[in-house]
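One structure is given here, and the rest of the page talks about it.
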Amino acid sequence: MSIFLIGFMGCGKSTLGRRLAVLTKSTFIDMDKFIEEKYFKTVNQIFAEEGETEFRKKERLAIEELAGFQDVVVGTGGGAPCFADNMQIMNQSGVTVWLDVPLDELVSRLSKAKAERPLIKEKNNAELTEFVRHKLDERNVYYSQAQIRVTGNNIQAEDITTILAARGH
Ligand code: S3P
């Protein structure tokens, strides 16, 4: 069974996903890295040279490909659930887990990790807060389609394995 971690930039999909993969004896795949390796370009380069729409097409193809993998933990990009039928594909091919981290915590983490993220790299702290608030308003409707929602400032991989075990996984 594959696990798709979804949620806003900075919610911990990669850090927590790596640990979750160890706990579940599976392989972790960072979707942004998967795309970067496929096209020999960073996400920043794809956005700058080809635009966001083209990135979303590449992201859609990556989801389709990853949906065919068995027993992997996938850390998706923060926007991935919000385009095309990506959420449906993930829900059909694995367990989806929303890491629902509060706004203030997201902003605090992202203010220190902007450079590799094209949507926020030029923003100052006030702009960043407004951007995250606005995007969460738009995106929560997609994130909330996840089968499992975990909320908090300090979500641990063990919180997820406990929930999965209770659901018989
Ligand atoms: C994006 C999130 C990023 C990356 C791209 C766009 C978004 O992934 O896919 O920069 O739209 O929220 P992370 O959530 O891993 O930062």
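Key figures for this structure:
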quantity: Net charge of Cβ neighbours under 9 Å - reference C11; Lys, Arg +1; Asp, Glu -1; calculated: 0
quantity: P(r) tail fraction, the chain - alpha-carbon pairs more than 30 Å apart, %; calculated: 11 percent
quantity: Kirkwood hydrodynamic radius of segment 66-164, from inverse mean 1/r over distinct Cα pairs, in Å; calculated: 14.8 Å
quantity: Per residue, in Å², the accessible surface of segment 70-169 once ligands and nucleic acids are set aside, probe 1.4 Å; calculated: 51 Å²
quantity: Dipole magnitude (debye, nearest 20) for the chain, charges at Cβ of Lys, Arg, Asp, Glu; calculated: 280 debye
quantity: Cα-centre dipole for segment 97-169 with unit charges at Cβ (Lys and Arg positive, Asp and Glu negative), debye to 20; calculated: 160 debye
quantity: Prolate/oblate/rounded label for segment 40-114 (Cα gyration tensor, a/c 1.5); calculated: oblate
quantity: Separation between Cα centres of segment 2-17 and segment 30-76, rounded to whole Å; calculated: 15 Å
quantity: Pairs from K41/K121; K38/K135; K13/K112; K13/K135 whose Cα-Cα separation, in the structure shown, is over 19 Å; calculated: K38/K135
quantity: Amide proton proximity set for S2, modelled H, under 5 Å, gap of 5+; calculated: D71, V72, V95
quantity: Helix-only CD estimate at 222 nm, as mean residue ellipticity for the chain, using -39500 (n - 2.57) per DSSP H run (n ≥ 4); calculated: -16000 deg cm²/dmol
quantity: Selected from I3, I89, N124, residue furthest toward positive end of dipole (the chain; charges at beta carbon); calculated: I3
quantity: Of all accessible heavy-atom area on segment 52-169, the percent that carbon and sulfur account for (1.4 Å); calculated: 47 percent
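The values are calculated or read from the model by the stated rules, or taken from the named source; none is laboratory data. Keep in mind the model is a prediction, meaning the values are calculated, not measured. Backbone-built Cβ (ideal geometry, glycine too); neighbour counts: all protein chains shown. Protein only, heavy atoms only, side chains kept; ligands, DNA and RNA dropped before computing areas. Shrake-Rupley method; radii C 1.70, N 1.55, O 1.52, S 1.80 Å.
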